Amino acid sequence: MSGYVRQLALAARAAQAAVAACDAATRRALIVAMAAQLEARLDVVLRANADDLRRAATAGAGKAVLDRLLLDAGRVRGMAAALREVAAQPDPLGAITRSERRPNGIMVERQRIPLGLVAMIYEARPNVTAEAAALCLKAGNAVLLRGGSEAAASNAAIAACLHAALRDVGMPEAAVSLVADTAREHVLELLQLTDLVDLAIPRGGESLIRFVAEHARVPVIKHYKGVCHLYVDRAADIGTAIGLLIDGKVSRPGVCNALETLLVHRDIAEEFLPPALAALRAHAVEVRGDARTRAIDAGVLPATEADYAAEFLDLVIAVRVVDSLDQAIAHIRQYGSDHTEVIATADPVAADAFVRAIRSSAVMVNASSRFNDGGQLGLGAEIGISTTRLHAYGPMGAESLTIERFVVRGEGQLRQPPAAT
(Lines give C-alpha, C1' and ligand atoms only; values in the text may rest on other atoms or scores of the structure.)
Protein backbone atom coordinates (compact mmCIF):
# COMPACT_ATOMS: atom_id res chain seq x y z
CA MET A 1 0.00 0.00 0.00
CA SER A 2 1.48 3.32 -1.11
CA GLY A 3 -0.59 5.46 1.25
CA TYR A 4 -1.63 7.68 -1.67
CA VAL A 5 -5.33 6.90 -1.40
CA ARG A 6 -5.25 6.94 2.38
CA GLN A 7 -4.04 10.54 2.38
CA LEU A 8 -6.84 11.52 0.00
CA ALA A 9 -9.37 9.73 2.21
CA LEU A 10 -8.06 11.41 5.38
CA ALA A 11 -8.49 14.83 3.79
CA ALA A 12 -11.95 13.93 2.47
CA ARG A 13 -13.03 12.59 5.85
CA ALA A 14 -12.01 15.85 7.51
CA ALA A 15 -13.82 17.86 4.83
CA GLN A 16 -17.01 15.83 5.34
CA ALA A 17 -17.49 17.35 8.78
CA ALA A 18 -17.66 20.80 7.18
CA VAL A 19 -20.17 19.64 4.58
CA ALA A 20 -22.42 18.05 7.21
CA ALA A 21 -22.22 21.11 9.46
CA CYS A 22 -23.30 23.68 6.87
CA ASP A 23 -26.94 24.54 6.40
CA ALA A 24 -29.20 23.41 3.57
CA ALA A 25 -29.03 26.76 1.78
CA THR A 26 -25.23 26.60 1.60
CA ARG A 27 -25.23 23.07 0.19
CA ARG A 28 -27.91 24.10 -2.30
CA ALA A 29 -25.83 27.12 -3.39
CA LEU A 30 -22.76 24.90 -3.72
CA ILE A 31 -24.47 22.50 -6.12
CA VAL A 32 -25.90 25.38 -8.18
CA ALA A 33 -22.39 26.84 -8.37
CA MET A 34 -21.09 23.46 -9.57
CA ALA A 35 -23.66 23.49 -12.39
CA ALA A 36 -22.64 27.02 -13.36
CA GLN A 37 -18.95 26.06 -13.46
CA LEU A 38 -19.69 23.13 -15.77
CA GLU A 39 -21.41 25.48 -18.21
CA ALA A 40 -18.76 28.17 -17.90
CA ARG A 41 -15.96 25.69 -18.63
CA LEU A 42 -17.85 23.74 -21.30
CA ASP A 43 -15.11 24.10 -23.92
CA VAL A 44 -12.42 22.86 -21.52
CA VAL A 45 -14.49 19.80 -20.59
CA LEU A 46 -15.23 18.98 -24.24
CA ARG A 47 -11.56 19.27 -25.25
CA ALA A 48 -10.57 16.91 -22.46
CA ASN A 49 -13.30 14.50 -23.49
CA ALA A 50 -12.17 14.59 -27.11
CA ASP A 51 -8.70 13.52 -25.95
CA ASP A 52 -10.20 10.61 -24.00
CA LEU A 53 -12.31 9.55 -26.99
CA ARG A 54 -9.29 9.52 -29.30
CA ARG A 55 -7.29 7.38 -26.89
CA ALA A 56 -10.20 5.00 -26.31
CA ALA A 57 -10.84 4.58 -30.04
CA THR A 58 -7.15 3.92 -30.66
CA ALA A 59 -7.19 1.29 -27.91
CA GLY A 60 -10.09 -0.47 -29.63
CA ALA A 61 -12.93 0.43 -27.23
CA GLY A 62 -16.35 -0.86 -28.27
CA LYS A 63 -19.38 1.19 -29.24
CA ALA A 64 -21.01 0.90 -25.82
CA VAL A 65 -17.88 2.20 -24.05
CA LEU A 66 -17.48 5.07 -26.50
CA ASP A 67 -21.14 6.02 -26.09
CA ARG A 68 -20.85 6.12 -22.30
CA LEU A 69 -17.60 8.06 -22.56
CA LEU A 70 -18.86 10.66 -25.03
CA LEU A 71 -19.66 14.17 -23.85
CA ASP A 72 -21.11 16.78 -26.17
CA ALA A 73 -22.56 20.21 -25.38
CA GLY A 74 -26.01 18.73 -24.84
CA ARG A 75 -24.78 16.11 -22.40
CA VAL A 76 -22.74 18.61 -20.38
CA ARG A 77 -25.73 20.95 -20.19
CA GLY A 78 -27.80 17.94 -19.18
CA MET A 79 -25.35 17.29 -16.34
CA ALA A 80 -25.71 20.90 -15.21
CA ALA A 81 -29.50 20.64 -15.37
CA ALA A 82 -29.39 17.44 -13.29
CA LEU A 83 -27.28 19.20 -10.67
CA ARG A 84 -29.76 22.07 -10.46
CA GLU A 85 -32.59 19.58 -10.03
CA VAL A 86 -30.68 17.91 -7.18
CA ALA A 87 -30.07 21.31 -5.60
CA ALA A 88 -33.78 22.16 -5.73
CA GLN A 89 -34.93 18.99 -4.01
CA PRO A 90 -35.93 18.95 -0.33
CA ASP A 91 -32.96 18.67 1.99
CA PRO A 92 -32.72 15.13 3.39
CA LEU A 93 -30.55 15.94 6.40
CA GLY A 94 -32.18 16.21 9.79
CA ALA A 95 -35.54 15.02 8.46
CA ILE A 96 -37.62 13.26 11.11
CA THR A 97 -39.11 10.22 9.41
CA ARG A 98 -40.94 8.87 12.45
CA SER A 99 -41.91 10.17 15.89
CA GLU A 100 -43.56 8.18 18.65
CA ARG A 101 -44.37 8.91 22.30
CA ARG A 102 -43.67 5.81 24.40
CA PRO A 103 -45.75 4.86 27.48
CA ASN A 104 -42.98 6.08 29.79
CA GLY A 105 -43.12 9.53 28.21
CA ILE A 106 -39.95 9.48 26.12
CA MET A 107 -40.25 10.72 22.53
CA VAL A 108 -38.52 8.38 20.05
CA GLU A 109 -37.60 9.92 16.70
CA ARG A 110 -35.87 8.65 13.59
CA GLN A 111 -33.64 11.25 11.97
CA ARG A 112 -31.69 11.24 8.69
CA ILE A 113 -27.93 11.88 8.89
CA PRO A 114 -25.07 11.52 6.35
CA LEU A 115 -23.34 8.24 5.62
CA GLY A 116 -19.94 9.95 5.87
CA LEU A 117 -17.34 9.27 3.17
CA VAL A 118 -18.58 7.55 0.00
CA ALA A 119 -16.15 5.99 -2.48
CA MET A 120 -17.32 5.86 -6.10
CA ILE A 121 -15.48 3.42 -8.35
CA TYR A 122 -16.60 3.69 -11.95
CA GLU A 123 -15.52 3.30 -15.56
CA ALA A 124 -16.19 5.25 -18.76
CA ARG A 125 -18.92 7.50 -17.36
CA PRO A 126 -17.58 11.04 -16.84
CA ASN A 127 -21.08 12.31 -15.95
CA VAL A 128 -20.78 10.24 -12.74
CA THR A 129 -18.02 12.58 -11.56
CA ALA A 130 -20.41 15.53 -11.35
CA GLU A 131 -23.62 13.74 -10.45
CA ALA A 132 -22.12 11.56 -7.70
CA ALA A 133 -20.43 14.59 -6.19
CA ALA A 134 -23.65 16.61 -6.19
CA LEU A 135 -25.72 13.82 -4.63
CA CYS A 136 -23.13 13.11 -1.95
CA LEU A 137 -22.80 16.77 -1.02
CA LYS A 138 -26.58 17.24 -0.97
CA ALA A 139 -26.73 14.45 1.62
CA GLY A 140 -23.89 15.92 3.71
CA ASN A 141 -21.26 13.40 2.59
CA ALA A 142 -17.80 13.75 1.13
CA VAL A 143 -16.95 11.66 -1.93
CA LEU A 144 -13.80 9.92 -3.13
CA LEU A 145 -14.00 9.47 -6.91
CA ARG A 146 -12.01 6.82 -8.74
CA GLY A 147 -12.94 6.89 -12.41
CA GLY A 148 -11.56 4.70 -15.16
CA SER A 149 -8.35 5.47 -17.02
CA GLU A 150 -10.29 5.81 -20.27
CA ALA A 151 -12.02 8.93 -18.88
CA ALA A 152 -9.09 10.38 -16.94
CA ALA A 153 -8.90 13.71 -18.76
CA SER A 154 -12.68 14.23 -18.71
CA ASN A 155 -12.91 13.40 -15.01
CA ALA A 156 -10.06 15.77 -14.16
CA ALA A 157 -11.69 18.62 -16.12
CA ILE A 158 -15.05 18.06 -14.43
CA ALA A 159 -13.43 17.79 -11.00
CA ALA A 160 -11.71 21.13 -11.61
CA CYS A 161 -15.17 22.68 -12.16
CA LEU A 162 -16.43 21.18 -8.91
CA HIS A 163 -13.38 22.38 -6.97
CA ALA A 164 -13.87 25.91 -8.30
CA ALA A 165 -17.42 25.87 -6.97
CA LEU A 166 -16.26 24.57 -3.58
CA ARG A 167 -13.78 27.45 -3.37
CA ASP A 168 -16.46 29.95 -4.36
CA VAL A 169 -18.67 29.01 -1.41
CA GLY A 170 -15.80 28.58 1.06
CA MET A 171 -15.93 24.79 1.36
CA PRO A 172 -12.86 22.52 1.42
CA GLU A 173 -11.96 21.13 -2.00
CA ALA A 174 -11.22 17.75 -0.43
CA ALA A 175 -14.97 17.19 -0.01
CA VAL A 176 -14.78 16.04 -3.64
CA SER A 177 -11.52 14.12 -4.03
CA LEU A 178 -10.47 12.57 -7.32
CA VAL A 179 -8.09 9.62 -7.37
CA ALA A 180 -6.15 10.91 -10.36
CA ASP A 181 -3.77 7.95 -10.46
CA THR A 182 -5.94 5.13 -11.83
CA ALA A 183 -3.54 2.25 -11.08
CA ARG A 184 -5.38 -0.89 -9.92
CA GLU A 185 -3.40 -1.08 -6.65
CA HIS A 186 -5.00 2.17 -5.54
CA VAL A 187 -8.45 0.59 -5.85
CA LEU A 188 -7.26 -2.23 -3.60
CA GLU A 189 -5.96 0.30 -1.08
CA LEU A 190 -9.23 2.21 -1.12
CA LEU A 191 -11.26 -0.95 -0.50
CA GLN A 192 -9.30 -1.69 2.70
CA LEU A 193 -9.91 1.69 4.38
CA THR A 194 -12.45 0.47 6.91
CA ASP A 195 -11.57 3.29 9.32
CA LEU A 196 -12.24 6.02 6.77
CA VAL A 197 -14.62 4.87 4.00
CA ASP A 198 -18.24 4.28 5.01
CA LEU A 199 -19.51 2.90 1.70
CA ALA A 200 -18.10 1.89 -1.69
CA ILE A 201 -20.28 1.99 -4.79
CA PRO A 202 -18.89 0.32 -7.93
CA ARG A 203 -20.53 1.34 -11.19
CA GLY A 204 -19.45 -0.22 -14.44
CA GLY A 205 -18.98 -3.56 -16.13
CA GLU A 206 -19.44 -6.98 -14.59
CA SER A 207 -15.70 -7.52 -14.06
CA LEU A 208 -15.37 -4.25 -12.11
CA ILE A 209 -18.35 -5.08 -9.88
CA ARG A 210 -16.99 -8.55 -9.13
CA PHE A 211 -13.50 -7.22 -8.43
CA VAL A 212 -14.81 -4.68 -5.90
CA ALA A 213 -17.17 -7.16 -4.23
CA GLU A 214 -14.43 -9.78 -3.88
CA HIS A 215 -11.72 -7.47 -2.52
CA ALA A 216 -13.63 -4.96 -0.39
CA ARG A 217 -13.46 -4.85 3.38
CA VAL A 218 -15.64 -1.73 3.41
CA PRO A 219 -19.41 -2.04 2.83
CA VAL A 220 -20.38 -2.26 -0.85
CA ILE A 221 -23.63 -1.55 -2.71
CA LYS A 222 -23.42 -3.25 -6.08
CA HIS A 223 -24.78 -1.62 -9.23
CA TYR A 224 -24.77 -4.80 -11.26
CA LYS A 225 -25.47 -5.43 -14.92
CA GLY A 226 -28.91 -4.93 -16.47
CA VAL A 227 -30.34 -8.05 -18.14
CA CYS A 228 -33.72 -6.36 -18.69
CA HIS A 229 -36.79 -8.11 -20.14
CA LEU A 230 -39.96 -7.10 -21.95
CA TYR A 231 -42.78 -9.63 -21.59
CA VAL A 232 -45.55 -9.21 -24.16
CA ASP A 233 -48.64 -10.70 -22.57
CA ARG A 234 -51.47 -12.38 -24.47
CA ALA A 235 -53.59 -9.29 -23.74
CA ALA A 236 -51.02 -6.75 -24.94
CA ASP A 237 -51.81 -3.94 -27.34
CA ILE A 238 -49.47 -4.69 -30.24
CA GLY A 239 -48.71 -1.07 -31.09
CA THR A 240 -47.90 -0.27 -27.47
CA ALA A 241 -45.69 -3.34 -27.13
CA ILE A 242 -43.72 -2.52 -30.29
CA GLY A 243 -43.18 1.02 -29.02
CA LEU A 244 -41.84 -0.31 -25.69
CA LEU A 245 -39.59 -2.76 -27.53
CA ILE A 246 -38.02 -0.21 -29.86
CA ASP A 247 -37.56 2.46 -27.19
CA GLY A 248 -36.11 -0.04 -24.74
CA LYS A 249 -33.70 -1.66 -27.20
CA VAL A 250 -32.81 1.06 -29.69
CA SER A 251 -32.88 4.48 -27.98
CA ARG A 252 -29.56 3.86 -26.20
CA PRO A 253 -28.48 0.21 -26.33
CA GLY A 254 -25.25 0.68 -24.36
CA VAL A 255 -26.88 1.54 -21.02
CA CYS A 256 -27.95 -0.72 -18.17
CA ASN A 257 -31.71 -0.07 -18.53
CA ALA A 258 -31.80 -1.10 -22.19
CA LEU A 259 -33.78 -4.24 -23.07
CA GLU A 260 -31.80 -7.41 -23.69
CA THR A 261 -34.52 -10.10 -23.93
CA LEU A 262 -38.04 -10.18 -25.41
CA LEU A 263 -40.53 -12.76 -24.10
CA VAL A 264 -43.77 -13.25 -26.04
CA HIS A 265 -46.87 -15.19 -25.00
CA ARG A 266 -47.61 -17.95 -27.52
CA ASP A 267 -51.20 -16.76 -28.03
CA ILE A 268 -50.04 -13.43 -29.48
CA ALA A 269 -46.71 -14.51 -30.99
CA GLU A 270 -47.88 -15.03 -34.59
CA GLU A 271 -49.61 -11.66 -34.66
CA PHE A 272 -46.97 -9.69 -32.74
CA LEU A 273 -43.61 -11.08 -33.85
CA PRO A 274 -43.69 -10.30 -37.60
CA PRO A 275 -44.20 -6.52 -37.20
CA ALA A 276 -41.99 -6.44 -34.07
CA LEU A 277 -39.09 -8.20 -35.79
CA ALA A 278 -39.48 -5.99 -38.84
CA ALA A 279 -39.29 -2.91 -36.60
CA LEU A 280 -36.14 -4.23 -34.92
CA ARG A 281 -34.48 -4.94 -38.28
CA ALA A 282 -35.38 -1.44 -39.46
CA HIS A 283 -33.11 -0.24 -36.66
CA ALA A 284 -30.34 -2.75 -37.52
CA VAL A 285 -30.97 -4.90 -34.44
CA GLU A 286 -29.64 -8.48 -34.62
CA VAL A 287 -32.30 -10.92 -33.38
CA ARG A 288 -31.50 -14.29 -31.78
CA GLY A 289 -34.46 -16.51 -30.95
CA ASP A 290 -35.68 -19.91 -29.85
CA ALA A 291 -37.15 -22.54 -32.19
CA ARG A 292 -40.71 -21.16 -31.95
CA THR A 293 -39.53 -17.66 -32.83
CA ARG A 294 -37.55 -19.00 -35.78
CA ALA A 295 -40.57 -20.99 -36.96
CA ILE A 296 -42.39 -17.67 -37.34
CA ASP A 297 -39.39 -15.88 -38.92
CA ALA A 298 -36.67 -18.00 -40.50
CA GLY A 299 -34.31 -15.00 -40.60
CA VAL A 300 -33.87 -15.06 -36.83
CA LEU A 301 -30.53 -16.45 -35.67
CA PRO A 302 -30.53 -19.36 -33.17
CA ALA A 303 -30.30 -18.22 -29.55
CA THR A 304 -27.96 -19.99 -27.14
CA GLU A 305 -28.38 -20.42 -23.40
CA ALA A 306 -25.72 -17.75 -22.90
CA ASP A 307 -27.73 -15.25 -24.97
CA TYR A 308 -30.56 -15.28 -22.42
CA ALA A 309 -28.15 -14.32 -19.62
CA ALA A 310 -26.27 -11.73 -21.68
CA GLU A 311 -26.10 -7.99 -21.24
CA PHE A 312 -25.38 -7.22 -24.90
CA LEU A 313 -25.06 -3.43 -24.55
CA ASP A 314 -25.45 -3.36 -28.32
CA LEU A 315 -28.07 -3.68 -31.06
CA VAL A 316 -28.67 -7.36 -30.27
CA ILE A 317 -31.70 -8.93 -28.59
CA ALA A 318 -32.68 -12.45 -27.52
CA VAL A 319 -36.29 -13.60 -28.10
CA ARG A 320 -38.29 -16.46 -26.63
CA VAL A 321 -41.92 -17.55 -27.02
CA VAL A 322 -43.41 -18.66 -23.68
CA ASP A 323 -46.55 -20.63 -22.87
CA SER A 324 -47.77 -18.48 -19.99
CA LEU A 325 -47.19 -15.55 -17.66
CA ASP A 326 -45.79 -18.02 -15.14
CA GLN A 327 -43.23 -19.27 -17.65
CA ALA A 328 -42.18 -15.69 -18.42
CA ILE A 329 -41.72 -15.05 -14.70
CA ALA A 330 -39.70 -18.25 -14.31
CA HIS A 331 -37.45 -17.19 -17.21
CA ILE A 332 -36.84 -13.77 -15.63
CA ARG A 333 -36.05 -15.34 -12.26
CA GLN A 334 -33.52 -17.66 -13.91
CA TYR A 335 -31.75 -15.20 -16.19
CA GLY A 336 -32.51 -11.71 -14.86
CA SER A 337 -30.18 -9.47 -12.86
CA ASP A 338 -32.78 -7.77 -10.61
CA HIS A 339 -32.55 -4.55 -12.61
CA THR A 340 -35.63 -3.71 -14.70
CA GLU A 341 -38.52 -5.78 -16.06
CA VAL A 342 -41.42 -4.68 -18.28
CA ILE A 343 -44.85 -6.15 -18.99
CA ALA A 344 -47.00 -5.05 -21.92
CA THR A 345 -50.62 -5.96 -21.20
CA ALA A 346 -54.15 -4.58 -21.13
CA ASP A 347 -55.09 -7.09 -18.42
CA PRO A 348 -54.79 -5.55 -14.92
CA VAL A 349 -54.87 -8.99 -13.31
CA ALA A 350 -51.85 -10.11 -15.34
CA ALA A 351 -50.09 -6.81 -14.60
CA ASP A 352 -50.63 -7.16 -10.85
CA ALA A 353 -49.47 -10.79 -10.89
CA PHE A 354 -46.29 -9.77 -12.75
CA VAL A 355 -45.57 -6.93 -10.30
CA ARG A 356 -46.07 -9.21 -7.28
CA ALA A 357 -43.89 -12.01 -8.66
CA ILE A 358 -40.95 -9.96 -9.95
CA ARG A 359 -38.47 -8.75 -7.33
CA SER A 360 -36.31 -6.53 -9.55
CA SER A 361 -35.45 -2.98 -8.52
CA ALA A 362 -38.01 -1.55 -10.98
CA VAL A 363 -41.05 -3.12 -12.61
CA MET A 364 -42.72 -1.30 -15.50
CA VAL A 365 -46.32 -1.82 -16.59
CA ASN A 366 -46.82 -0.55 -20.14
CA ALA A 367 -43.84 1.81 -19.75
CA SER A 368 -40.33 1.69 -21.18
CA SER A 369 -37.44 0.09 -19.32
CA ARG A 370 -35.56 3.32 -19.99
CA PHE A 371 -37.56 5.02 -17.23
CA ASN A 372 -35.50 3.20 -14.57
CA ASP A 373 -33.31 6.25 -14.19
CA GLY A 374 -32.92 8.68 -11.31
CA GLY A 375 -33.75 11.73 -13.38
CA GLN A 376 -36.87 10.11 -14.85
CA LEU A 377 -38.08 8.89 -11.45
CA GLY A 378 -37.83 12.29 -9.78
CA LEU A 379 -34.43 11.99 -8.09
CA GLY A 380 -32.79 14.68 -10.24
CA ALA A 381 -29.81 12.42 -10.82
CA GLU A 382 -28.61 9.09 -9.50
CA ILE A 383 -25.40 7.78 -8.07
CA GLY A 384 -26.32 4.50 -9.75
CA ILE A 385 -28.99 1.80 -9.80
CA SER A 386 -28.53 -0.55 -6.88
CA THR A 387 -29.20 -4.24 -7.40
CA THR A 388 -28.27 -4.97 -3.77
CA ARG A 389 -31.24 -5.42 -1.46
CA LEU A 390 -29.62 -3.84 1.58
CA HIS A 391 -30.01 -0.16 2.44
CA ALA A 392 -31.06 0.97 -1.05
CA TYR A 393 -32.59 -0.74 -4.09
CA GLY A 394 -32.96 0.78 -7.54
CA PRO A 395 -31.86 4.31 -8.49
CA MET A 396 -30.08 5.98 -5.58
CA GLY A 397 -30.63 9.68 -5.05
CA ALA A 398 -29.57 11.94 -2.19
CA GLU A 399 -31.93 10.36 0.35
CA SER A 400 -30.35 6.94 -0.31
CA LEU A 401 -27.00 8.44 0.73
CA THR A 402 -28.26 9.06 4.25
CA ILE A 403 -29.02 6.70 7.11
CA GLU A 404 -31.59 6.87 9.90
CA ARG A 405 -30.59 7.10 13.53
CA PHE A 406 -32.65 7.26 16.73
CA VAL A 407 -33.00 10.45 18.72
CA VAL A 408 -34.67 10.08 22.13
CA ARG A 409 -36.09 13.14 23.91
CA GLY A 410 -37.04 12.78 27.55
CA GLU A 411 -37.54 14.58 30.81
CA GLY A 412 -35.17 12.64 33.00
CA GLN A 413 -36.80 9.22 32.57
CA LEU A 414 -34.77 6.27 33.87
CA ARG A 415 -35.09 2.75 32.58
CA GLN A 416 -34.55 1.28 36.05
CA PRO A 417 -35.33 3.87 38.75
CA PRO A 418 -33.48 3.42 42.04
CA ALA A 419 -35.19 1.11 44.51
CA ALA A 420 -37.14 2.81 47.28
CA THR A 421 -35.47 2.77 50.73
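Structure above, values below:
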{"read-out": "Rounded accessible area of ILE113 (nearest 10 Å², 1.4 Å probe)", "value": "40 Å²"}
{"read-out": "(1) 83, 67, 38; (2) 82, 57, 42; (3) 75, 52, 39, with the label sought being that of the calculated Cα extents along the principal axes in Å", "value": "(1)"}
{"read-out": "Farthest toward positive dipole pole in the chain [+1 Lys/Arg, -1 Asp/Glu at C-beta], among SER369, GLY140, ASN155", "value": "GLY140"}
{"read-out": "In Å², nearest 10: area of PHE406 left accessible to a 1.4 Å probe", "value": "130 Å²"}
{"read-out": "Per residue solvent-accessible surface (Å²) - the chain, probe of 1.4 Å", "value": "42 Å²"}
{"read-out": "Percent carbon-and-sulfur accessible area, region 299-421, ignoring ligands, DNA and RNA, probe 1.4 Å", "value": "52 percent"}
{"read-out": "Region 165-236, dipole about Cα centre (Lys/Arg Cβ +1, Asp/Glu Cβ -1), debye to the nearest 20", "value": "400 debye"}
{"read-out": "Helix 73-88 axis, angle to the chain major axis (alpha carbon atoms, nearest 10°)", "value": "50 degrees"}
{"read-out": "Dipole moment magnitude, nearest 20 debye, the chain about Cα centre, only Lys, Arg, Asp, Glu C-beta charged", "value": "1040 debye"}
{"read-out": "Dipole-positive endmost among VAL232, SER360, ALA279 within the chain (Cβ charges, Cα centre)", "value": "SER360"}
{"read-out": "Accessible-area ranking of ARG13, ARG101, largest first, probe 1.4 Å", "value": "ARG101, ARG13"}
{"read-out": "GNM result for the chain, Cα springs below 10 Å: residue of ASP195, ASP233, ASP297 fluctuating most strongly", "value": "ASP195"}
{"read-out": "Residue-averaged 222 nm ellipticity for the chain, from DSSP H runs of 4+ at -39500 (n - 2.57), nearest 500", "value": "-13500 deg cm²/dmol"}
{"read-out": "Among THR304, THR340, THR129: highest mean-square fluctuation, GNM of the chain, C-alpha pairs under 10 Å", "value": "THR304"}
{"read-out": "Inter-probe distance in nm under a simple model that places probes 7 Å from Cα toward Cβ, at GLU206 and ASP237", "value": "3.6 nm"}
{"read-out": "Positive-pole candidate from ALA48, ILE106, THR58, dipole of region 21-112, charges at beta carbon", "value": "ILE106"}
{"read-out": "Percent accessible area from carbon and sulfur atoms, region 1-89, protein chains only, probe 1.4 Å", "value": "59 percent"}
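The values are calculated or read from the model by the stated rules, or taken from the named source; none is laboratory data. Computed from a prediction, not measured in an experiment: that's the story for all the values here. Here the Cβ is made from the backbone with ideal geometry for all residues, glycine too, and neighbour counts use every protein chain on show. Surface areas here come from the heavy atoms of the whole protein model, side chains and all, with no ligands, DNA or RNA. Shrake-Rupley method; radii C 1.70, N 1.55, O 1.52, S 1.80 Å.
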